[in-house]
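The values are calculated or read from the model by the stated rules, or taken from the named source; none is laboratory data. Predicted model only: the values in this text are computed from it and were never measured. Counting neighbours? That spans all protein chains shown, and the Cβs are built from the backbone with ideal geometry, glycine included.
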Amino acid sequence: MVPTSEMLGDDAEVELKRKVPDALVFADDEFVPALLRNLNAMRKNNQFCDVILQVGKQEIAGHRCVLAGSSQYLLKLFGDEHRQLTCDEAAVKSSAPRRQEPVVYKLSDKLDGEATEALVQFAYTGK
């Protein structure tokens, strides 16, 4: 599949069109919606989640790249390594491969957990 502007940005699509004849370009209008559906299903099943947003006692799992891509606030937050609280900082390193624990970000107690969950849901569904 040839990447589209949604994947690469407008400048990359212009360069791609210059190099690849239209007859060779494949576009699938269902690709991005299906990708988001799959990512949301993985989030709900806690698969490959690498971040947890903690709002009060509520924890909301997600994928850092999806959340950062949908929110400038979260993009900045995830880039600020000093705010991270990792679940396994004290764990002894093992030579055996293991699943990487998600990074926990404790958000302001002034935020509402349900509203934060709704924003995360929007990041994955656009709704």
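Just one of the numbered conditions (1) modelled with pLDDT of 70 or more; (2) within 19 Å of the chain's Cα centre (by Cα); (3) part of a helix (DSSP H, G or I) is not true of M7; which one? Single failed check for M7: (1). Condition check: at pLDDT 95 or above and assigned to a helix (DSSP H, G or I). Does A41 satisfy that? It is true that A41 is at pLDDT 95 or above and assigned to a helix (DSSP H, G or I). For the range 46-94, taking the residues that are polar (S, T, N, Q) and either assigned to a helix (DSSP H, G or I) or loosely packed, with under 14 Cβ neighbours inside 10 Å (or both), the one that is modelled with the lowest pLDDT is identified as S94. Of all residues in the range 38-74, which are more than 25 Å from S108 (Cα to Cα) and touching a residue at least 40 places away in the same chain (Cβ under 8 Å)? Correct list: L39 only.
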